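Since the structure comes first, as structure tokens, the remarks are kept for the end.
The values are calculated or read from the model by the stated rules, or taken from the named source; none is laboratory data. Only a predicted model underlies this, so the values are computations on that prediction, with no experimental measurement involved. Positions of Cβ are generated from backbone atoms using ideal geometry, with glycine treated the same way; all protein chains shown enter the neighbour counts.
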Amino acid sequence: MFSGSIPALVTPFRDGAFDEKAFRRLVDWQIDNGSNALVPCGTTGEASTLSNAEHHRVIEVCIEQAAGRVPIIAGCGSNDTMNARLHMNFSRKTGAAAALCVAPYYNRPSQAGLIAHFSFLAENSALPIVLYNVPGRTVTDLLPETVCELVNRFPERIVGIKDASGDLSRVTDHRMGIEGTFCQLSGDDELALPFNAAGGVGCISVTANVAPKLCAEFQQACADNDLVKARELNDRLYPLHYAMFEDASPGPVKYALTRVHDWLTEDLRLPLTPCSAAARKAVDAALEHAGLA
């Protein structure tokens, strides 16, 4: 259903407010440079700092600006099941192709709780779900047996996963434990090459915010089974993948974007602050290594 390079878009701010004009330009630039789909209101989009009204406006603008050129996977996750459903129903009515739903954070639900949460969403919204597992942020781990149970129970509703667990063995666990088609997307740029080799079909990427063309070319090389080209592109991007997390994300990627475009700012919302001098130095070096600066 989804594949290739899929940037988890930053949400541009200016003077504390959503910079809609800059976001529209960012959407166009991403599509023009080969991104295969777009994710607004994910972790990189600072969704946890947005009001519901802002959250919905960012999704609405993304869908409107993309104008059907690529599918939009709207960030709809919440640690409140009912709020996640609210986001999903809004996104479906607005024209999103799917909802990216993170495992509920802070509450620390059991595996039974995770099954109940995602089952409720699958049963109460017509929008397809891409699961999002990022234990380092949520302190909750969607275990492979839980993923397989959910997908086999709701094959028409739960269509993919963004896996940022860092455990590459799970690609095979999911592939072998799920009946039918299931879209596996890496949530870690630096692991995208081995992830795809194990059976993945793309990456929901932080780096693609800054290097959409290179990331799209890398994913296409993987899809073409051109290991030589994929490895060459991966080597160019590799330092950038790590530089994006030299400080609290999305601080480094917003700084990197100001190096690429003069119409974007570094503005973040508290409790996030601009990235450190050391992180800027790492970003600068990585951009140079990738041929982007």
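Every condition in (1) within 29 Å of residue 34 (Cα to Cα); (2) touching a Ser or Thr at 6+ places or on another chain (Cβ under 6 Å); (3) surrounded by fewer than 20 Cβ atoms within 10 Å (Cβ to Cβ); (4) not charged (D, E, K, R) holds for residue 111 except the one numbered (1). Residues considered: 147, 134, 70. Of these, the only one that is closer than 20 Å to residue 46 by Cα and at pLDDT 95 or above is 134. All conditions but one from (1) closer than 21 Å to residue 100 by Cβ; (2) in a helix (DSSP H, G or I) apply to residue 228; the one that does not is (1). For the stretch 1-20, a residue qualifies if it is touching a residue at least 60 places away in the same chain (Cβ under 8 Å) and over 17 Å from the mean Cα position of the chain (by Cα), and the qualifying residues are 13, 14, 15, 16, 19. Residues satisfying the criterion are absent from the stretch 212-226 (criterion: of a type in the set (Phe, Trp, Tyr) and out of contact with any Leu (no Cβ under 9 Å at 6 or more places or on another chain)). Do we have residue 68 as surrounded by fewer than 18 Cβ atoms within 10 Å (Cβ to Cβ) and in a loop (DSSP other than H, G, I, E, B) here? Judged against the criteria, residue 68 is a match. Scanning the stretch 124-131 turns up at least one residue that is over 19 Å from the mean Cα position of the chain (by Cα) and surrounded by 19 or more Cβ atoms within 10 Å (Cβ to Cβ). Hey, does the stretch 242-258 have a residue that's in contact with a helix residue (DSSP H, G or I) (Cβ under 8 Å, 6 or more places away or on another chain), exposed (fewer than 15 other Cβ atoms within 10 Å of the Cβ), under 24 Å from residue 73 (Cβ atoms) and of a type outside the set (Val, Ile, Thr)? No, that holds for no residue. Only one of the numbered conditions (1) over 20 Å from residue 136 (Cα atoms); (2) among the hydroxyl-bearing types (Ser, Thr, Tyr); (3) part of a loop (DSSP other than H, G, I, E, B) is violated by residue 255, and that is (3). Among the residues here, residue 186 qualifies as in contact with an Asp or Glu (Cβ under 7 Å, 6 or more places away or on another chain) and of a type outside the set (A, V, I, L, M). Considering the stretch 216-234, and only residues there that are over 21 Å from the mean Cα position of the chain (by Cα) and among the charged types (D, E, K, R), the residue that is surrounded by the fewest Cβ atoms within 10 Å (Cβ to Cβ) turns out to be 224. All of 243, 256, 230, 216 fail the test of being in contact with a strand residue (DSSP E or B) (Cβ under 7 Å, 6 or more places away or on another chain) and either at pLDDT 95 or above or of a type in the set (Val, Ile, Thr) (or both), apart from 216.
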